Structures are given as structure tokens and as C-alpha cells.
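**Q** What follows is a single structure, and I will ask about it in a moment.
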Amino acid sequence: MNTTILRKSVLGIAGLAFAGGVFAGPVTEAHANPVDAKSVAVVQADKPGVDKGKLIPHGVQGKQSRIDVGDEQTKNVKAIIAATKKSGMDERAAVVAIATSLQESKLENLGHLGERNDFDSQGLFQQRPSSGWGTVEQITDPEYSTMAFLKGLKQVDGWKDMPLTEAAQTVQVSAYPDHYAQWEQQAADLVAKHWNS
């Protein structure tokens with residue numbers, strides 16, 4: 001008889017504990033702080049962050065400019081990053097390439113602009129067929145034009161130790177050599193955002 005009472009008591013306590021857990025669980029959850037779904041979506045274990053120290057190792061030079069980046073420009077940013085990876089270069093090379101494209105075309109794959117054209121410059125990097133960058137079809141292909149720019153950058157001794165504008169100018173030979181510097185922060189932000197996407 002004592003065993004029966006003891007068994008009923010144990011089962012009764014276990015039943016109360018279970019019921020308490022079922023009923024208390026949701027009530028406790030209802031008082032918890034809600035989680036912002038956006039902040040959860042950003043943290044992904046399979047996408048390691050970019051080392052931001054690599055993006056701007058020397059700090060930015062001068063006043064920085066910024067533009068709104070639309071869908072076409074984002075597509076071109078991703079194409080530049082993909083070509084940079086394909087060429088075996090790192091995030092810093094992508095920053096230099098994107099800053100250069102921001103200066104040259106605002107990340108738009110420009111065709112011939114008629115009277116507004118700078119000689120025969122076209123594409124993301126405003127490369128010129130007459131200067132040996134490739135055919136019009138090639139230099140208006142984002143992958144090709146990026147690979148051509150990066151090939152030139154690889155040939156610049158010590159480009160990683162140069163200010164961005166000096167490295168870009170050595171490849172581009174622009175009439176406005178200091179203009180690339182103004183895009184370094186936005187280029188770094190774009191690489192940080194899209195390198196692992």
C-alpha cells in the first residue's frame with residue numbers, strides 16, 4: 001500500500017512538472033524580448049567576415065565621395081569581385097578595382113558616349129581599344145575588363161604598399177590621377193558587403 005501511494009505521488013509530481021512545463025513554457029516565452037529577424041539573417045556561420053584591415057591598409061586619402069548603387073551597379077560589383085577571385089587576387093585588389101570603376105564609370109558598363117566620350121574609352125574601366133586594352137566587345141565585358149585591369153595592377157611593383165590612387169593611376173594613366181582616392185571608402189564597403197555573397 002505504501003508502494004502504491006508512493007507510486008501515485010511520484011507520478012502526480014511528474015505530471016505536475018510536465019504540465020507546468022507545457023503551460024509555463026509559452027507564458028515565459030511571451031515575455032521574452034522579440035528577436036529582430038534582420039539581425040539573425042546577417043549572422044551566418046558559413047560566411048566568414050572580411051578582414052577590414054586588408055581593405056584600407058593605409059587609410060583613406062582626402063574627402064570621400066559616395067553614390068547610390070543600383071541593381072546594375074551591384075551586378076557589376078559582383079562581377080569585379082568574381083573576376084578578382086578568379087585572377088587569384090585578394091580583397092584589396094577588389095577595392096582598387098571597384099574604386100577605379102567608381103571613378104571611371106560610376107560602376108556602369110558604358111558603351112560609346114558619342115561626343116561625350118573620352119576618345120574611344122568604354123566599359124567599367126573606360127579602357128580604350130586604341131590603347132591595346134582589347135576589342136570593344138572585350139572591354140565592355142565586365143569579367144574581361146576587370147581581368148585586364150588586374151593584369152595591369154599585378155605588373156605594378158609594390159601596388160599593395162601604395163596609396164590606392166597611385167596604384168590605380170599607374171594602371172589607368174588618367175589625366176586626373178588623384179581622383180581615384182575619393183572612392184576608397186565606398187569601394188571597401190562594397191567589397192566587405194559582397195566578397196562572401
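The values are calculated or read from the model by the stated rules, or taken from the named source; none is laboratory data. Quick caveat: nothing in here was measured; it's all calculated off a predicted structure. Glycine gets a Cβ as well: all are built from the backbone with ideal geometry, and neighbour counts include every protein chain shown. Accessible surface is based on the protein model in full, side chains and every heavy atom, while ligands, DNA and RNA are left aside. Shrake-Rupley method; radii C 1.70, N 1.55, O 1.52, S 1.80 Å.
**Q** Once you sort the root eigenvalues of the Cα gyration tensor of region 64-197 as a ≥ b ≥ c, which label holds: rounded (a/c under 1.5), prolate (a/b larger than b/c) or oblate (the other case)?
**A** Numbers: a/c = 1.31, a/b = 1.19, b/c = 1.10.
The shape class here is rounded.
**Q** Filter the chymotrypsin sites (Phe, Trp or Tyr not before Pro) in region 79-167 down to the DSSP loop ones having no more than 11 other Cβ atoms within 10 Å, then list what survives. Write out the running numbers ahead of the final one.
**A** Details: sites: 119, 125, 133, 144, 149, 159; in loops: 119, 125, 133.
When the chymotrypsin sites (Phe, Trp or Tyr not before Pro) of region 79-167 are filtered for loop state and at most 11 Cβ neighbours within 10 Å, 119 remain.
**Q** Once R0 is set to 22 Å, what does the formula 1/(1 + (r/R0)^6) return for the Cβ-Cβ distance between residue 86 and residue 178, expressed as a FRET efficiency to the nearest 0.05? Walk me through the numbers on the way to the answer.
**A** Numbers: r = 30 Å, r/R0 = 1.36.
Efficiency computed from Cβ-Cβ geometry: 0.15.
**Q** Can you pull the accessible area of residue 157 for me, 1.4 Å probe, Å² to the nearest 10?
**A** Accessible surface of residue 157 is approximately 140 Å².
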